[in-house]
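The values are calculated or read from the model by the stated rules, or taken from the named source; none is laboratory data. Since the model is a prediction, treat every value here as computed from it, not as a measurement. Using ideal geometry, Cβ is built from the backbone for each residue, glycine included, and neighbour counts are taken over all protein chains shown. What goes into the accessible areas is simple: the full protein's heavy atoms, side chains included, and nothing from ligands, DNA or RNA. Shrake-Rupley method; radii C 1.70, N 1.55, O 1.52, S 1.80 Å.
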Amino acid sequence: MSRSDLIIEAQGLTKSFGQTHALRGIDLSVARGRILGVLGPNGAGKTTAVRILATLLEPDAGVARVGGYDVVRQASRVRQIVGLTGQYASVDEDLSGRQNLVLFGRMLDLRPPQARDRAAELLEWFDLTESADRVVKTYSGGMRRRLDLAASLVGRPQVVFLDEPTTGLDPTKREDMWGVVRSLVAEGSTVLLTTQYLDEADALADEITVIDHGRVIAHDTPDGLKRVVGGQTLTVRPLDAARLPEVATLLGAVSSGARADESRKGVLSVPVADDTALAATVARLDAAGIAVIELSLHLPSLDEVFFTLTGRPTDTHQQPTTEEAA
């Protein structure tokens, strides 16, 4: 990838708050029209990195450019092409949803008719038209998150920073937000998404950067990161549970003697070296006359990757930095 393909690039970013080192020299890059997932536990430095890229903080050291503009020396130019949805709502609770979006449009120098038209367009896109004229303090948490994201899109930004946009949303609303993120990219935006949710990064990101204790500890595609753990897992559930011992023997043969474990009741799983194990298993099951109701070959989960990289599960929370706790 050439440098001209990058719309976000950062090298050696460092930032401290007193004795707390939030960033310790991180590098980030995002190609135009792509989604980069920045993954890490609470306090890893994700929000600090986003705030620097969005010109809300200055780094202690390092260089960052967004759209070719330096985030320190050309901050005003950067602000013209980015939108930011933070962890906390930026809208005014005493105004209606429509009034908030029109206000953002006027702040971005849209003429009144343009601001009203853009507000109506976004309210419809985010399924907020029916509640558009209610004050925001009456909105549910999910509605507020959607309105906050809509506000960040009023200016049709080239780059959208989403800092843990689905925190606190129920599963259905999270998937709705995922649809919005995909639509942003389809319409030409580039997205940097920070999240603590591995499934979110897996579902959305073209590439993932893992940050821990202010450092980048891994960067790859989701599948590439999953290969960090090594190998794949073959899973079989026979129709007749009484044939589990036969299946275990069969799986041992296709996996060079690895032991098949009962990962769930009636389901056997075994690590295998490559994709050829699946075809070999199908042939052996057919020859033995063993019917199955589940047969799959899959890479490790991102949860397993995170544990391999950090030595702890994803639900371990660090103390947030001063900036991220604010």
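How much of the accessible area of segment 146-299, probe 1.4 Å, is carbon plus sulfur, in whole percent?
The C+S portion of the solvent-accessible surface of segment 146-299 is 50 percent.
Given an 8 Å cut-off on Cα distances and at least 6 residues of separation, report the relative contact order of the chain as a percent.
Value for the chain: 21 percent.
Tell me, what HN-Hα J-couplings in whole Hz come from the Karplus equation 6.51 cos²θ - 1.76 cosθ + 1.60 at θ = phi - 60° for each residue of segment 295-303, using x for Gly and Pro?
Rounded to whole hertz, the list is 8, 8, 10, 9, 6, x, 7, 5, 4.
Using the Cα centre of segment 34-175 as origin and beta-carbon charges of +1 (Lys, Arg) and -1 (Asp, Glu), tell me which of 151, 53, 138 is placed farthest towards the positive end of the dipole.
Projecting each Cα onto the dipole axis, the largest value belongs to 53.
Which whole-number value in Å² is the accessible area per residue of the chain, probe 1.4 Å?
48 Å²
For segment 1-103, what relative contact order do you get, as a whole percent, if you take Cα pairs closer than 8 Å and at least 6 residues apart?
Taking the mean separation of contacting Cα pairs over the length of segment 1-103, I get 25 percent.
If you plug each phi of segment 52-62 into the Karplus form 6.51 cos²θ - 1.76 cosθ + 1.60 with θ = phi - 60°, what whole-Hz ³J(HN,Hα) values come out, in order, with x for Gly and Pro?
Running phi through 6.51 cos²θ - 1.76 cosθ + 1.60 with θ = phi - 60° gives 5, 5, 8, 6, 8, 9, 9, x, 6, 7, x Hz.
Keeping all protein chains in the complex and leaving out DNA, RNA and ligands, what accessible area do you get for residue 55 with a 1.4 Å probe, in Å² to the nearest 10?
Here the accessible area works out near 20 Å².
Of 125, 194, 112, whose Cα points farthest to the positive end of the dipole of the chain (charges on the beta-carbon: +1 Lys, Arg; -1 Asp, Glu; origin at the Cα centre)?
So the residue furthest toward the plus end is 112.
Just how large is the dipole of the chain about the Cα centre, in debye to the nearest 20, putting +1 at every Lys and Arg Cβ and -1 at every Asp and Glu Cβ?
So the dipole magnitude of the chain works out to roughly 680 debye.
Give me the net charge for the shell around residue 115: Cβ to Cβ below 14 angstrom, other residues only, Lys and Arg +1, Asp and Glu -1.
Spelling it out: positives minus negatives among the neighbours equals +3.
If I take all pairs of Cα atoms in the chain, what percentage of them are more than 24 Å from each other?
Of all Cα-Cα distances in the chain, 61 percent exceed 24 Å.
Which cross-chain or sequence-distant (5 or more) residues have an amide H under 5 Å from the amide H of residue 22, H modelled 1.01 Å from N in plane?
For residue 22, whose amide H was placed from the backbone, the distant partners under 5 Å are 15, 16, 17.
Probe 1.4 Å, all protein chains in place: accessible area of residue 219 in Å², nearest 10?
Result for residue 219: roughly 90 Å² accessible.
Sort 15, 137, 173 by accessible area with a 1.4 Å probe, largest first.
137, 173, 15
Among the lysines, which have Cα under 29 Å from the Cα of residue 226 when same-chain residues fewer than 8 positions away are ignored?
46, 173, 265
Could you please state how large a percent of the accessible area of segment 6-68 is carbon and sulfur, counting protein chains only and using a 1.4 Å probe?
Heavy-atom surface of segment 6-68 belonging to carbon and sulfur, 1.4 Å probe: 41 percent.
So who's got an amide H within less than 5 Å of the one on residue 83, skipping anything under 5 residues away but keeping other chains? H placed 1.01 Å off N, in plane.
159, 160, 161
Using protein chains only and a probe of 1.4 angstrom, how many square angstrom of residue 310 are accessible, to the nearest 10?
30 Å²
Rank these residues by their accessible area, most exposed first, probe 1.4 Å: 237, 24, 118.
Sorted descending by solvent-accessible area, the residues read 24, 237, 118.
In whole percent, what relative contact order does segment 183-252 give with Cα contacts below 8 Å and a gap of six or more residues?
Taking the mean separation of contacting Cα pairs over the length of segment 183-252, I get 15 percent.
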